[in-house]
Amino acid sequence: MKRKNHYAFVIDVARCIDCRACQVACSVENHVPMENTRIWVQDLGVQGEFPNLQHIFVPYNCMHCEHPPCTEVCVSGATYKDKDTGLVLVDQDACIGCGYCVDACPYNVRYLDKKRGVVDKCNACAQRLEVGLEPACVATCIGGSRLFGDLNDPVSKASVALQNARNIVRLDYEANGHDTDPNIYYINLPNMEQLNMPELFQPLVSQSGALPRAPKYTLSEQGWKHVAVPLLAAGIGASFLVQAIYFTKQLIEGEKEFEE
Amino acid sequence: MANKTLSRRDFLKVGGAAGGAMLLGSFVAPPIAQAARRLGSLDANGDGYIPTMCEMCVWRCGVLAKVEGGRIVKLEGNPEHPHSRGRLCARGQSGLMNTYDPDRVLKPLVRVGQRGEGKFRTASWDEALDIVADNMLKIKQNYGPEAMVFSSTHNLSQVQFENLLNGFGSPNYGTQRSLCFNAMVTAFSLTYGVEEPARNYDEVEFILLVGRNLTEAISTSETAELVEAISRGAKLVYLDPRYTKTAAKASEWIPIRPGTDAAFLLAMIHVIVSEELADCEFVKKYVLGCDDIVEAMQPYTPQWAETITGVPASTIDRIAREFAAAKHKALAHPGWRTSNFINSFQTERAIATLNALSGNVLTPGGCLAAESPEAASIGLGKPPQPPYPRISALRLDGVPWKYPLVPLKLGVFQELRDAILSGQPYQAHGWLVARQNPVLSLPDRARTLQAISKLDFLVTVDIIMNDTSWYSDVVLPEASYLERYDPLHIVDRKIYLRQPVVEPQGEARSALWIYKQLGERLGLGDFFQYEDEEDYIRQQLAPLNLDFNELRIKGYLDPGVAQEEREIVFNTPSGKIEVYSETLGKAGFSPWPTWEDPVYPRPGEFYLLTGKVAQHTQFGTQNNQLLHKYQDEPRLWLHPEPAASLGLKDWDVVEVTSQVGSVKVPVKITQAIRPDCVYLTPGYGHASKGLRTAYQVGANASDLHVTYTDPISGGQALSQTFVTIKKA
């Protein structure tokens, strides 16, 4: 059944300058506690040997999956995939803070707000969408890297960007017959033909438990920087697939026909 | 003791007085909310958006401040402002935390302990202002007005600050300029007669950035334009010894040897003029020196430059041809902070020359405009004031008696500090610092602290207890940029307003108010003929017959000034672009852009590079918790090769030692820097315990920086400090 909207983030990787305006904007807009964050910019590190170097930044947040593992484990029904928009949301009045969804998310984009005892995550700034504003991260993105829109609408910014993309990549997750089918589309990866894709994205889904940014922090004993990079090891046996997706008309129309 | 971290939810608990006012807000709204309701910006509940202007850096983006019940809850880039275009950078987005910083100074403070001990008592404004005025007048009486030093950094209220010092009669004025852009401004003033030419990316095809790290030293609209141009396919060639995030976006990164940019650029000029690749008609008509330039540039072959820069001659030759081929769609960016080496002035002259040869200055659609971005023929009014008293004392910063070509308004701040210390040519006794942190920003912190110890009196105006306030005798709390008015700002022939969106917290007051109060106590009331901030702005608008309320609602006004079509005459002695400058020649310097060999480190020494991260502005934002949240820990960048020979691993703490000081800092071992360089982000290592977020985070680069001054532009050479490293 076709939804009213098929919201998705489209991220033009070539345009991200890792300035972190999106993160600050999100923190303020969504009252994110100092020790947490809802969105990240993954720094893949300087690669290559001096002076032939490459440095790529990959913004990410909740992938608003078509098949979100988090909703399946939610015992209170607080976490749900919205029928109209496709956004994965948390009804914090219903959330009991058990944290199952935090563990179930293969992308580790949920956190338990300890003070309030509820789970929080990117809601694509649903409160802004309601009044016709873009998500805070998208609205302020200096390089125009973060885009958001309705893939059911062929002239939305997101659809247009996908139509014009040089290449399209998603971070799909498959395990035990489960396929997340994420709704963040990465476009325009530089030097795509030279990149070893799975290796490139390895740090995003580190199996080793190593943090992508060094776990040093300097401000408070509460160590919010420590928690601000919660890319812990994914579940044993799970594997991430980096899918190169080639744009098809069906994609825009919301029919999930992807080639891998 | 308050918790160091502050969640957004805690905002409501902070700042007792303001919080109290807010709770009553729906019954008795404070004046700003009342006014905003009348204007329609806020609804009956006190919620809505008020347009104003950012001050997290000097780019001055337009802001829409979302206010709920007397609190700022979000800042948006104003889509109507040409500098923000709906966007704000990380610093701009964090701006409300600047206002709600738990370490705000909210009452005037008077020192009770030793200087630097951090013991203060609170005082009323009357008492604090009386103390400041008494001390200033005592110094004036005993030693003359010149014994009082004034300093302040780039801000919209500076015009009234300047009234304070000029009215007082002191020639001694310190700004950040010599630590920042003296080389650029002096070179472009001499060559084009314009301080900072505007850049135009609309049709740019070839961009040459010489150390202009635009994706980390962000100017929102310009950074956005650069990314847009790159996405469109423009070529970006980036010269920097460090692989910055701008290098990551460049088509070509050239890790040039520090201090040799001018050699690279002179060789480009050599190729372009000797092979006649330039637009000859244009050059002949508008450029002074075109007849002899081939000869003047003759020694600077790409082969010569290769030996100096380490960049292959073939690369320089190719880039010169590509630059020339792009014609007026090429842009050699003038740069901004150009205080790197004492030859940085020559680098800037070479950049000015390359642009002249491309014809980009005068061609429609060209990438450089020989006018300042803020230039406009809008005749704003100003409160009346008498002429300034005549000043006969020498300037302590050596302008012009020691530095004849340094523009008076730029000055040489580091020299001023040294004169306070040496007492030559006379001893300064007092220092008024406004919105500036020289203890951290000037090179050689130990020397700055020594200079301060020679003063009878030090007073600072700031919103937080920065390092210089920490050593002050009196601290006057300024309202934050979201709590106050400033004089108007003109961009692209429109008038923009900074206005308060919430009440000032505590007893903080605007700079316009503070300077007026102080001025009146110093007997300078005639220089401050405005009732209050709104009256000041009304007087500015008066000659244009524009409506203040409309300005407050929209945040800007368009007085309908058309872009002037005028004959092209450059504001130089010859009226042409002076690649050949007689002014320079007469002052005893080379009239041509020329090569000045810099000093090189000895074996075992590294160049200490300085730079920017996108999350901070110089020395003033490190205490902002929202920025602190998303910054990386400052570490010393070091290439793996020297790291291996020094036996260093990533995160090892090292002792870095220069001629003047030493700091301990963890290393970041990275391919992203030349093996002969190390890099440390400035602005860290705050000494003030009044900055509970920033205190002792990271190391302070100014502990290491040696004071070197370019004799032409007066710029401090910040990358000319060499250091040794050993495991701590």
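At what distance in nm do the modelled label points of B:ALA393 and B:GLN427 sit from each other, each positioned 7 Å from its Cα along Cα→Cβ?
1.3
Considering only DSSP beta bridges where both residues belong to segment B:425-542, give the percentage that are antiparallel (nearest 5).
Details: 3 of 13 bridges.
Here the share of antiparallel DSSP bridges comes out near 25 percent.
Just to confirm a number: summing +1 for Lys and Arg and -1 for Asp and Glu over residues other than B:ASN142 whose beta-carbon lies under 14 angstrom from that of B:ASN142, what do you get?
Counting the neighbours of B:ASN142, the net charge comes to -1.
So if R0 is 41 Å, what FRET efficiency would B:VAL561 and B:LYS284 give, r being the distance between their Cβ atoms, rounded to the nearest 0.05?
Approximately 0.75, to the nearest 0.05.
Would you kindly state how much longer the chain becomes between B:TYR143 and B:ALA587 on full extension, computed as 0.36 nm times their sequence separation minus their alpha carbon distance, in nm to one decimal?
Additional length available on full extension: 156.6 nm.
Please give the residues of segment A:146-165, grouped as numeric ranges, whose backbone N is less than 18 Å from a label point set 7 Å along the Cα-to-Cβ vector of A:ASP84.
Taking a point 7 Å out along Cα→Cβ of A:ASP84, the residues of segment A:146-165 whose backbone N falls under 18 Å are A:149-153.
Going highest first, how would you order B:147-153, B:474-480, B:260-266 by mean Cβ packing within 10 Å?
B:260-266, B:474-480, B:147-153
For chain B, list the cysteines whose Cβ sits under 4.7 Å from no other cysteine Cβ?
B:CYS57, B:CYS89, B:CYS180, B:CYS280, B:CYS290, B:CYS367, B:CYS677
Rounded if a/c is under 1.5, else prolate if a/b is larger than b/c, else oblate: which is segment B:589-728, with a ≥ b ≥ c the root eigenvalues of its Cα gyration tensor?
Here segment B:589-728 falls in the oblate category.
Between beta-carbons, use under 12 Å as the cut-off and find the net charge around B:LYS516, counting Lys and Arg +1, Asp and Glu -1. Don't jump to the answer; show the numbers that get you there.
On the way: positive: B:ARG509, B:ARG521; negative: B:GLU520, B:ASP526, B:GLU531, B:ASP532, B:GLU533, B:ASP535.
Residues near B:LYS516 contribute -4 overall.
For B:ASP456, what charge total do you get from the other residues with a beta carbon under 10 Å from its beta carbon, if Lys and Arg give +1 and Asp and Glu give -1?
Cβ neighbours under 10 Å give a net charge of +1.
Collect residues whose amide H, placed 1.01 Å from N in the peptide plane, falls under 5 Å from the amide H of A:VAL10; neighbours closer than 5 in sequence don't count.
When sequence neighbours closer than 5 places are left aside, the close amide H contacts are A:LEU147, A:PHE148, A:GLY149, A:TYR185.
Mind checking B:68-77 for the average number of partner chain beta-carbons within 10 Å of each residue's beta-carbon?
Across B:68-77, the average partner-chain Cβ count within 10 Å equals 3.
So how much slack lies between B:LEU546 and B:ARG38, counting 0.36 nm per residue of separation and subtracting their Cα-Cα distance, in nm?
Numbers: separation 508, 0.36 × 508 = 182.88 nm, distance 1.89 nm.
181.0 nm is the gain from fully extending B:LEU546 to B:ARG38.
By DSSP, what percent of the beta bridges with both residues in chain B are antiparallel, rounded to the nearest 5?
Bridges in chain B are about 55 percent antiparallel.
What distance in nm separates the simple spin-label points at B:SER251 and B:GLU531, each placed 7 Å from Cα in the Cβ direction?
Placing both labels 7 Å along Cα→Cβ, they lie 5.9 nm apart.
Based on other C-beta atoms within 10 Å, arrange B:LEU396, B:LEU449, B:LEU165 from fewest to most.
B:LEU449, B:LEU165, B:LEU396
Can you list which of the chymotrypsin sites (Phe, Trp or Tyr not before Pro) found in segment B:399-464 are DSSP loop residues with at most 12 other C-beta atoms within 10 Å?
Passing sites in segment B:399-464 are B:TRP401.
Arranged by the count of other C-beta atoms within 10 angstrom, fewest first, what order do A:CYS26, A:CYS19, B:CYS290 take?
B:CYS290, A:CYS26, A:CYS19
If I model a spin label as a point 7 Å beyond the Cα along the Cα-Cβ vector, how far apart are those points for B:ASN571 and A:ASP93 in nm?
According to this spin-label approximation, the distance is 6.2 nm.
When you look at the Cβ of every residue in A:43-53, what mean number of other chain Cβ atoms sits within 10 Å?
Across A:43-53, the average partner-chain Cβ count within 10 Å equals 4.
Could you tell me which trypsin sites (Lys or Arg not before Pro) in segment B:612-709 are loop residues by DSSP with no more than 15 other beta carbons within 10 angstrom of their beta carbon? Intermediate values should be presented prior to the final figure.
Working: sites: B:LYS612, B:LYS629, B:ARG635, B:LYS649, B:LYS664, B:LYS668, B:LYS689, B:ARG692; in loops: B:LYS612, B:ARG635, B:LYS649, B:LYS689, B:ARG692.
When the trypsin sites (Lys or Arg not before Pro) of segment B:612-709 are filtered for loop state and at most 15 Cβ neighbours within 10 Å, B:LYS649, B:LYS689 remain.
By how many nm would the segment from B:GLN696 to B:LYS664 grow when fully extended, if each residue of separation counts as 0.36 nm and the alpha-carbon distance is taken off?
Difference between extended and current length: 10.4 nm.
Compute the separation of the alpha-carbon centres of segment B:385-456 and segment B:582-625 and state it in Å as a whole number.
Each part's Cα centre sits 20 Å from the other's.
Pull up all non-local amide H partners of A:VAL118: gap of 5 or more, or a different chain, and H-to-H distance under 5 Å with H placed in the peptide plane.
Answer set, sorted by chain and number: A:ASP113.
Give me the distance between the Cα centres of segment B:332-354 and segment B:155-224, rounded to whole Å.
So the separation of the two Cα centres works out to 13 Å.
For segment B:475-546, just say rounded, prolate or oblate: build the C-alpha gyration tensor, square-root its eigenvalues into a ≥ b ≥ c, call rounded for a/c under 1.5, and beyond that prolate if a/b exceeds b/c, oblate if not.
oblate
Does segment A:24-125 come out rounded, prolate or oblate by the C-alpha gyration tensor, with a ≥ b ≥ c the root eigenvalues, rounded set by a/c under 1.5 and, if not, prolate when a/b is larger than b/c and oblate if not?
Since a/c reaches 1.5 and a/b is larger than b/c, the shape of segment A:24-125 is classed as prolate.
Check every DSSP H run in chain B and write down those whose alpha carbon atoms cover 24 angstrom or more along the long axis and whose mean Kyte-Doolittle hydropathy is 0.5 or greater.
Qualifying helices, which must be both long enough and hydrophobic enough, do not occur.
Please report the antiparallel percentage of the DSSP beta bridges confined to segment B:192-368, to the nearest 5.
That works out to approximately 10 percent antiparallel.
Most exposed first by the Cβ proxy, i.e. fewest other Cβ within 10 Å, how do B:TRP304, B:TRP592 rank?
Result, fewest neighbours first: B:TRP304, B:TRP592.
Coordinate-derived values only; no laboratory data. Because the structure is predicted, anything quoted here is derived from the model rather than measured. Virtual Cβ from ideal backbone geometry, glycine too; neighbours counted across all protein chains shown.
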